[in-house]
Amino acid sequence: MLIHLQAAGISFVLDARGPQPPSVLHWGAALGDLGDADLAALASSAVAAVPPSSLDTPPRLSLLPTLGDGWSGRPAFAGPGRPRWRLAEVSRPSPASVLVTLAAEGLLLALEIELSAQGVLRLRHRLDNTGRTAYDLGSIAVVLPVPPRASELLDFAGLWAYERKPQRTTLRNGIWSRETRHGRPGHDDPFLMMLGVPGFSFRDGEVWATHLAWSGDKQVWAERSTLGPTVLGAGELLAPGEVRLAPGESYASPWTVAVWSSDGIDGLSARLHEWIRSRRAPAKPRPMVLNTWEAVYFDQSLERLMPLVSAAAAAGVERFVLDDGWFTGRTDDRRALGDWTVDPVRWPNGLTPLIDAVRSRGMEFGLWLEPEMVSPDSATAREHPEWILGGTDAATWRHQQVLDLSLPAAWSYVFDSIAALLTEYPVAFVKWDHNRDLLEEGSAHRQTTALYRLLAAVRQRFPDVEIESCASGGARIDLGILDHVDRFWTSDTNDALERQQIQRWTSVLMPPELLGSHVGAPTAHVTGRRGDLSFRLATSLFGHAGIEWDLTTAPPADRAVIAAWVAEYKHRRALLHGGTLVRSHGDDPAALVHGVVAPDRRSALYALVSLRATGEAIPPPVRFPGLDPVRRYTVRPLVLGSPPRTLQDAPPLWLATGEVTLPGRLLTEVGLPAPLLTPEQAQLFTVEAES
């Protein structure tokens, strides 16, 4: 059977005629409506020459390439016996999906393929042990071919508080392989592996990309060879013996999400964001948040927090989140994880007085938890040492160990503890943290699947409670856990300068409304850098905005500015969280340009961000990507608080007059003279179409 899936300008053509596993004939630009004869001609014309010193049959990359097929690259499947797969059945569960079943001795493998209406491709495997003995799975991955013109690779590295650092290289012969062994994606998660034509940018160039929708260990790679096609691969990284299938048991791989764009990285984001929104759209507008962590840390009491509650309400905050430090004995980060009862010393009347104060001022109440972890110095660890993953002598990380959620008793204890809290208190939001790597060999798969079951159970019991995925900041941001959570904590740093790059690259995959972005204190907690309030506000605006600062210490003038900023966020929330994200490298390496354009392209909001001192006396014009070329737009500066600092004797003429109206094509291609911003400043611009 020859199958052609197409949607949103993308075609995916599969040759599933057998008897061998199917192969991909095309993944990329739309091919138009192809009849059976056209598909047959395409399949015939795709048969390559037989090179010397090779297999006597034409080379062919299947969707499950292995050494036995003549594939000398990284195999898609590894396990005892080197099974020889043969096509058993092909079906079409829907016009946009394919189910391919392969058989080998004692094994049955089902490959699911889906193409969404937005042009996002998903693939995964299900392996069934139909034999009479146990089977130790080594690995199973999705491998997709890309054209040889895709020779430049971009993925990500990073570390705590500096996540999603892009790295680019030319893909030469050989393999670029990334493996994560954190039991979570990690701060150095490759995140989204992109392979494109040389020089692809945010706005230009063909690019193919894959992401593994999984919150445990992973392996992702790009491989180029003189002996076969270039490929992108992705799959769960399994330790030896980690997945042993008894007769009748099965294993389902994580989904590999794959996407193609002819319009650069922003084209990938446009498809991914629209698809994610179609599946995980927030139930209501993203509320303005105040989180207490960098405001009070462990200094918690009703007396300490009541002034902050009042200040938050006065600023227009809609959700007040009590962070770490509220539970029994938790006076610092060295104790009490796992003991999820309210501390009777700091909260003698429980959390009810605080929650009543929060709710009476029109705000929701949120609570921090770290359910997967345990402190050695805790009642839980002392009473149940058998629950500790790796045993009581397991290494500590941030003075904590891990509860083995694959143990029914430990899983039930955690669920019951969470359920008791959410039943007793009207909690609308849980910040679900995870502050330690899983260092215990062979534990990642069972811990991740148990976590998913736990999150699913909490959501089923408390469907109105929103959950944030936080993992020492941004160490667990992936499309696997997104099925269970409502937002991500993007990074533990609130330094606006660092956040500009972190948010820029995290939002390549995730829509901005899912990414928590908070205004911190004037001096950043992590870096010690001081930042102007206007720059911090402009940075936080482009995300699920919030505040992480003791507002009671802010001068009255700053509080008034923050209240005005909160009102601006609410006014523009539909655009910020429903529009198309656009980015440009800009013409000045010391500056960034990014923005959000409304779906109907009648309005937009842009930011020109100065990262450091420019090398030009007169900076290049600022251009506005994504506008309708034939519409006329009025561009105006938007000031949050005080205007950004500049070093100029006079501003550009159009800024001095306050606005300019031009066709979209001119704004996109030519741009407007930019202000001479000093480092760590941002100028915002509103763009409105003429009626």
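The values are calculated or read from the model by the stated rules, or taken from the named source; none is laboratory data. Since this is a predicted model, take the numbers as computed values, not measurements. Here the Cβ positions follow ideal geometry from the backbone for every residue, glycine too, while neighbour counts run over all protein chains shown. Ligands, DNA and RNA are stripped out before the accessible areas are found, and what is left, the full protein with its side chains, is counted by its heavy atoms. Shrake-Rupley method; radii C 1.70, N 1.55, O 1.52, S 1.80 Å.
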- prompt: Semi-axes of the equivalent ellipsoid of the chain: what are they in whole Å, largest first, if each equals the square root of 5 times a C-alpha gyration tensor eigenvalue?
  reply: 43, 36, 20
task: Take the alpha-carbon centre of the range 423-498, take the same for the range 343-358, and report the distance between them in whole Å.
output: 25
Whole-percent carbon and sulfur share, accessible surface of the chain, 1.4 Å: 53
Spacing of the two label points (7 Å from each Cα toward its C-beta) at D628 and L67, in nm: 6.0
- prompt: From the backbone phi of the range 396-410, what are the Karplus-calculated ³J(HN,Hα) couplings (6.51 cos²θ - 1.76 cosθ + 1.60, θ = phi - 60°) in whole Hz, Gly and Pro given as x?
  reply: 8, 9, 6, 6, 9, 10, 10, 7, 7, 6, 6, 7, x, 5, 5
task: Give the cross-link partners of K165 among the lysines, using a straight C-alpha distance below 25 Å as the criterion and excluding same-chain residues fewer than 8 apart.
output: K218, K431
- line: For L2, other-chain or 5+-apart residues with amide H closer than 5 Å (H placed, Pro excluded) are A16
message: Could you tell me the center-to-center distance, by alpha carbons, between the range 46-99 and the range 557-629 in angstrom?
response: 47
- prompt: Given a 1.4 Å probe, how much area per residue of the chain is accessible, in Å²?
  reply: 38
statement: From highest to lowest solvent-accessible area (probe 1.4 Å; ligands, DNA and RNA excluded), D478, D188 read D188, D478
message: Only sites in a loop by DSSP and with at most 15 other Cβ atoms within 10 Å count here; which trypsin sites (Lys or Arg not before Pro) in the range 62-127 make the cut?
response: R84
- prompt: Which far-off residues, 5 or more places away or on another chain, put their amide H under 5 Å from the one on H26, with H placed in the peptide plane?
  reply: V13
- request: Hey, can you grab everything whose amide H is under 5 Å from the amide H of Y135? Only 5+ residues off in sequence or another chain; H modelled, so Pro and N-termini drop out.
  value: L245, A246
message: If I stretch the segment between V345 and A40 completely, what's the gain in nm (0.36 nm per residue apart, minus their alpha carbon distance), one decimal?
response: 102.2 nm
statement: Computed ³J(HN,Hα) along the range 564-575: with the Karplus parameters 6.51/-1.76/1.60, θ = phi - 60°, integer Hz and x for glycine or proline, the list is 5, 5, 4, 5, 5, 4, 5, 5, 9, 4, 4, 5
task: Quick one: give the max-minus-min coordinate of the C-alpha atoms of the range 573-691 along each principal axis, largest first, in Å.
output: 36, 28, 27
message: I'd like the Karplus ³J(HN,Hα) series for the range 44-52: coefficients 6.51, -1.76, 1.60, θ = phi - 60°, whole numbers in Hz, and an x wherever there's a Gly or Pro.
response: 5, 6, 7, 6, 7, 5, 8, x, x
